[in-house]
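What follows is one structure encoded as structure tokens, with my remarks underneath.
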Amino acid sequence: MTLLKKQLLATAVIASSFAPAALATTPYDSIIIEGNTSFLEWNIQGDYNANVVPLFRVEIQFDGTLPPTTSTSNEISYLDNIKFIGLRAQNADNTRYVFGDFDTSSMDSETTYTDGATQTIVWTLSDNNGHDYELSLTSIDALIFEAINGNAFPVNSTSATGEFDFVFGFETFFMSGISETITVNLTDHDEDGIIAGDACPMSNLATMVSLNGTTTPIQNRLGENGCTIMDVFAACEAEQSEQQTGFFQPAYRGSSYCETQAVYSLYRDGVINYNEVRILRSAL
Ligand SMILES: [Ca+2]
């Protein structure tokens, strides 16, 4: 996004009448973590402490339609998903503040560790002046992100309140705080009307179900989880192509176990009737 210009971190303005430009509305999802600054130390600005800028705000904009960058059993990276991180500590009337805005060009690495309901995300960031920064967020009672159907999602789809440790340090600047509110703003990427917990954020919204190049007389209905019938079959195709990468596995087309099970699953969920089961089975 061209609007996400990188700005230098640690711009301290005292009793200023101007503020950093507000971010334009973006198509990205966002998480806004707001709370109280519990500790702030900055040797250059000796009077800056947690009493001077008692409120903090972290805004994370991310693309929830991308799969996580990397994923192992206990470690997952959302580096490619994160598009913007905005940090701010301020006083109540916003006349004194410290802020830093980072876009993707600032992000060097990110690591997320998840242990039960506790998740720690550490970002290392840098600016054009060679400054290095580190931001870590540790959730205490709710995950910040998780992967659903291979896409990155915040767990709480509308809003949540929890305690988050917030640590931000570079050189001799250090601050920490605990959040009071966590607000998640989700974008309806596929415009299917299901925003919270859309398990298929980029749905195939074709009018009719088509299989193997043939359009069936069955409407491509949308399930309550945000997945259409076509999404369900698309997930099978992805699985099938993964399985066919092995040398000895023959490439084959037509009905796979996954697709057959998908038909009966759609029937059990009440998405299709039995007549439609027969039509889909014969089309596979
Ligand atoms: Ca959807």
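Overview of results
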item	result
Neighbour net charge for residue 154 - beta-carbon separation under 10 angstrom, K R +1, D E -1	-2
Cβ crowding within 10 Å averaged over residues, with 90-101, 223-234 ranked highest first	223-234, 90-101
Charge dipole (debye, nearest 20) of segment 65-143; +1 at Cβ of Lys and Arg, -1 at Cβ of Asp and Glu	200 debye
Sequence of 179, 210, 265 once ranked by neighbouring C-beta atoms within 10 Å, starting from the fewest	265, 210, 179
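Quick note: the coordinates plus some simple rules give every number you see, no bench work behind them. All values derive from a computational prediction rather than experimental measurement. Positions of Cβ are generated from backbone atoms using ideal geometry, with glycine treated the same way; all protein chains shown enter the neighbour counts.
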